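Asks: My questions will all concern the structure given below.
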Amino acid sequence: MFNLANKVAIVTGASRGIGKAIVEAVAQAGAHVVCVSRSENELIKISSNLNENGMSSSYFVCDVSDLEVFNKLAKDTISKYKRIDILVNNAGITKDGLIVRMTESDWNAVIDINLKGVFNGVKSVSRQMMKQKYGRIINISSIVGLIGNPGQANYAASKSGVIGLGKAVSKELAPRNITVNTIAPGYIDTEMVEKIDEKTKHKLLNQIPLGRIGSPEDIAATVLYLASDEAGYVSGQTIAVDGGMTTT
Ligand code: NAP
């Protein structure tokens, strides 16, 4: 579909779910992909599988909430592959609870990984992308950051924050030919939504005009477009990939 030959991409949250589908799509399009998460064993399996199938990938163990480690990841990528063309900030967690019961540590953990993790990623790659006068930054938010959801004050705040952060840095980095866009997935079939009980899932399904839960590949296809040269005039946008849910 889109050609990413000779591009170098970093994808966080690559060990499962949406991130795993993104690394597969980006590697299939010809980029070298650095797969990032906290789970070394999973990353080894994913990266080896890509390489055995003729694609090009490596891995780096990194907790995205740690700026120092993210900086090391960027430096290591530049020293080995000479560039960073694409950054997909996909790593994320939930720690749900109604506001009256939400603990400070659950608030902090979600903000640290989902929002500060995106800040760390953007900060770590920006200088290199500015030097190259080329870059594609794609941040994964959520429709919860657009419309809210009871029991997810921390998650909604983090995902709204990602949208605002993306809009601000898109304006800062545009003069250096770097685009920054955000994807807001709806309900996607991964371990993250496995926790939702059957009754709630059924209710959610009824709110999706396209009548199905999304797949990780639905999100990966949008990442692929935003990472491509064809999307060179798209920046500062938030694209909901949600089966039409947020228009209702
Ligand atoms: P998932 O299956 O739970 O996977 C989350 C990924 O993030 C894993 O690879 C995990 O790897 C990684 N991760 C978590 N904390 C990390 C940290 N501190 N440092 C590095 N990596 C970390 O979730 P998913 O459904 O694929 O979600 C991916 C993204 O899409 C998230 O940002 C999520 O908020 C967003 N999203 C998902 C949905 C949905 O319906 N599934 C909807 C809207 C938005 P390790 O545990 O190995 O570190």
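The values are calculated or read from the model by the stated rules, or taken from the named source; none is laboratory data. What you are looking at is a predicted structure, and each value in this text was computed from that prediction instead of being measured. Here the Cβ positions follow ideal geometry from the backbone for every residue, glycine too, while neighbour counts run over all protein chains shown. Quick note on the areas: whole protein, heavy atoms, side chains included, nothing else; ligands and nucleic acids left out. Shrake-Rupley method; radii C 1.70, N 1.55, O 1.52, S 1.80 Å.
Asks: For V180, list long-range residues whose amide hydrogen, built 1.01 Å from N in the peptide plane, is under 5 Å from its own amide hydrogen.
Replies: Result for V180 returns I137, G236.
Asks: Which FRET efficiency, nearest 0.05, do D189 and N53 yield, Cβ-Cβ r, R0 22 Å?
Replies: Details: r = 23 Å, r/R0 = 1.04.
In this case the efficiency is close to 0.45.
Asks: Could you provide, to the nearest whole Å², the per residue accessible area of the stretch 1-48 with probe 1.4 Å? Walk me through the numbers before you get to the answer.
Replies: On the way: 1910 Å² over 48 residues.
Here the residues of the stretch 1-48 average 40 Å² of exposed surface.
Asks: Please give the charge dipole size of the chain, origin at the Cα centre, charges +1 on K and R Cβ atoms and -1 on D and E Cβ atoms. Round to the nearest 20 debye. Could you put the intermediate results ahead of the total?
Replies: Details: 27 positive and 24 negative charges, 156 e Å.
Dipole of the chain, to the nearest 20 debye: 740 debye.
Asks: Taking every pair of Cα atoms in the chain, average 1/r, invert it to obtain the Kirkwood radius, and report Rg/Rh to two decimals.
Replies: On the way: Rg = 17.2 Å, Rh = 18.0 Å.
On the Cα set of the chain, Rg over Rh gives 0.95.
Asks: Per 0.36 nm of contour for each residue apart, how much would the distance between T200 and D66 grow if the chain were fully extended, relative to their Cα-Cα spacing? Write out the running numbers ahead of the final one.
Replies: Numbers: separation 134, 0.36 × 134 = 48.24 nm, distance 3.45 nm.
Contour length minus Cα-Cα distance gives 44.8 nm.
Asks: Let me ask something additional. How much of the accessible area of the chain, probe 1.4 Å, is carbon plus sulfur, in whole percent? Numbers along the way, then the final one.
Replies: Details: 6140 of 11940 Å².
About 51 percent, which is the carbon plus sulfur part of the accessible surface.
Asks: Now for a separate question. K131: which lysines have alpha carbons under 28 Å from its alpha carbon, excluding same-chain residues fewer than 8 sequence positions away?
Replies: The reachable lysines, counting only those whose Cα sits under 28 Å from K131, are K7, K72, K75, K80, K82, K116, K123, K167, K171.
Asks: Starting from the Cα-Cα distance between A221 and I99, subtract it from 0.36 nm times their residue separation and give me the gain in nm to one decimal. The partial results should precede the final answer.
Replies: Numbers: separation 122, 0.36 × 122 = 43.92 nm, distance 3.48 nm.
My answer for the length gained is 40.4 nm.
Asks: How large is the dipole of the stretch 1-67 about the Cα centre if only Lys and Arg carry +1 and Asp and Glu carry -1, each at its Cβ, rounded to the nearest 20 debye? It would help to have the intermediate numbers written out before the result.
Replies: Details: 5 positive and 6 negative charges, 30 e Å.
Its charge dipole is roughly 140 debye.
Asks: I would also like to ask the following. Suppose R0 equals 45 Å. What FRET efficiency, 1/(1 + (r/R0)^6) with r the Cβ-Cβ distance, do K45 and K171 give to the nearest 0.05?
Replies: Details: r = 39 Å, r/R0 = 0.87.
Between K45 and K171 the formula returns 0.70.
Asks: Could you tell me the relative contact order of the chain? Use alpha-carbon pairs under 8 Å, at least six residues apart, and round to a whole percent.
Replies: Numbers: 500 pairs, mean separation 48.3, N = 248.
RCO, the chain: 19 percent.
Asks: Relative contact order for the stretch 132-248 using alpha-carbon pairs under 8 Å, separation at least 6, rounded to a whole percent? Don't skip to the answer; put the middle values down first.
Replies: Details: 179 pairs, mean separation 39.7, N = 117.
Once divided by the residue count of the stretch 132-248, the mean separation gives 34 percent.
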